[in-house]
Amino acid sequence: MGEIVGAGLLAHVPTIVLPEETRKELNEGREISLVPGLRRLREEVFETLDHDTVVVLDSHWATTVEFVVSAQARRAGLFTSEELPRGMCRMPYDYPGDPELAASVAEFADRHGTWITPIDDPCLPVHYATINLWKYLGEGLPDKKWLSIGVCQTGDTEDHLRLGRALADGIAALPDRKVVLVASGALSHTFWPLRELRAHESSAPSHIRTPEARAADEQCVERLERGDHAEVLRTMPEFLAHKPEARFGHYLMMIGALGEERCSAPGRAFSDYENSIGTGQMHLWFDRPAGGWSVTTAESEASLV
């Protein structure tokens, strides 16, 4: 049966694809930690971990009446962002998709009480929450398949968890498939107003939009680093008050696939916790525990005795 071999909560901010000189100009002469973090993640994980497919849980791709999975055999073209065309302009991309996996995930929609549609339309747009991370983690690895799943803007926490459950079943149904999950998105996600934001382009956490949002982010990160996903889920209503990106749908889909509160995989930091014009950003990677994603902390401790 197929399995999930690794997962990450990763930042995709436009800054990461700007020229190094520009990044440093915006950050008081220093490199943002997100960029070397992605380079290290590629070297330590994506170039060494045995995997067939990367599934991007794309917080920038918002659907309305169903979850949609990209199902093209190949995606190629030039990407220019409608949001920031000055910085993300005519970026080439070319990677194989995984229509078999897309179809398999959709087959489990009814079982989990949700709606999932695979779409292979070649004109279906791509989004920079996928492309920016592919540029660092996938470009130059031509045998690795990439597909994206959008968040659903009418869905709540439970809906995104249900998508994750269907995703896990769809992966398991394919023999020997090895899949990496990438929850592409931010923590708290409130920007500074336009007339103020250029004073807050430094990556220093002191520029997060509010002290309360920073505190909530840091508490969430601390829980994720120790693998306390149960507490992250239990306190989700409180965290949602600080407006995480896409109502944290990218993380919820990921953890839904990893076993929800039964997952105790600790997060490895591949960056600092940083600001991006008011929003909280960080790379956290979750290695698959030896006993599987749903091994409890007590079971893990017992195995060491």
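The values are calculated or read from the model by the stated rules, or taken from the named source; none is laboratory data. Everything numeric in this text was worked out from a predicted model, so none of it was measured. Heads up, the Cβs are rebuilt from the backbone with ideal geometry, glycines too, and the neighbour counts pull from every protein chain shown. To get the accessible areas, we keep the full protein, side chains included, count just its heavy atoms, and leave off ligands, DNA and RNA. Shrake-Rupley method; radii C 1.70, N 1.55, O 1.52, S 1.80 Å.
Just give me the residues in region 53-103 being of a type in the set (D, E, K, R) and touching a residue at least 24 places away in the same chain (Cβ under 8 Å), in sequence order.
As a first pass, look at region 53-103 and keep what is of a type in the set (D, E, K, R): 58, 66, 74-75, 82-83, 86, 90, 94, 98, 100.
Selection gives 58, 66, 75, 83, 98, 100.
Residue 42 falls short on exactly one of the conditions (1) among the basic types (Lys, Arg); (2) open to solvent by less than 70 Å² (accessible area, probe 1.4 Å); (3) over 28 Å from residue 170 (Cβ atoms), and that condition is (3).
Residues checked against (1) closer than 30 Å to residue 203 by Cα; (2) open to solvent by 50 Å² or more (accessible area, probe 1.4 Å):
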site: 1; (1), (2): no, yes
site: 6; (1), (2): yes, no
site: 10; (1), (2): yes, no
site: 14; (1), (2): yes, no
site: 25; (1), (2): yes, yes
site: 70; (1), (2): no, no
site: 91; (1), (2): yes, no
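Taken together, the residues in region 47-68 that are over 17 Å from the mean Cα position of the chain (by Cα) and either crowded, with 24+ Cβ neighbours inside 10 Å or among the aliphatic types (A, V, I, L, M) (or both) amount to 2. Take the conditions (1) open to solvent by 40 Å² or more (accessible area, probe 1.4 Å); (2) at pLDDT 95 or above; residue 301 misses just one of them, which is (2). Scanning region 69-103 for residues that are assigned to a loop (DSSP other than H, G, I, E, B) and of a type in the set (D, E, K, R) gives 82, 83, 86, 90, 98.
Does residue 74 satisfy being surrounded by fewer than 18 Cβ atoms within 10 Å (Cβ to Cβ) and more than 21 Å from residue 277 (Cα to Cα)? Break it down into steps so the answer makes sense when it comes.
Working: surrounded by fewer than 18 Cβ atoms within 10 Å (Cβ to Cβ): yes; more than 21 Å from residue 277 (Cα to Cα): yes.
Yes.
What are the residues in region 161-196 that are without any contact (Cβ under 8 Å) to a residue 60 or more places away in the chain, open to solvent by 60 Å² or more (accessible area, probe 1.4 Å) and not aliphatic (A, V, I, L, M), if any?
Going residue by residue through region 161-196, those that are without any contact (Cβ under 8 Å) to a residue 60 or more places away in the chain are 193-196.
Going one step further and asking which of them are open to solvent by 60 Å² or more (accessible area, probe 1.4 Å), we end up with 194-196.
Residues satisfying the conditions are 195, 196.
When residue 1 is tested against (1) within 24 Å of residue 292 (Cβ to Cβ); (2) of a type in the set (A, V, I, L, M, F, W, C); (3) in a helix (DSSP H, G or I), just one condition goes unmet, and that condition is (3).
Looking across region 104-153, the residues that are part of a loop (DSSP other than H, G, I, E, B), touching a residue at least 60 places away in the same chain (Cβ under 8 Å) and surrounded by 14 or more Cβ atoms within 10 Å (Cβ to Cβ) come down to 107, 108, 127, 138, 141, 144.
For region 28-39, a residue qualifies if it is surrounded by fewer than 20 Cβ atoms within 10 Å (Cβ to Cβ) and not in a loop (DSSP other than H, G, I, E, B), and the qualifying residues are 35, 36, 39.
The set of residues in region 215-260 that are acidic (Asp, Glu) and more than 19 Å from residue 190 (Cβ to Cβ) comprises 222, 225, 228, 231, 260.
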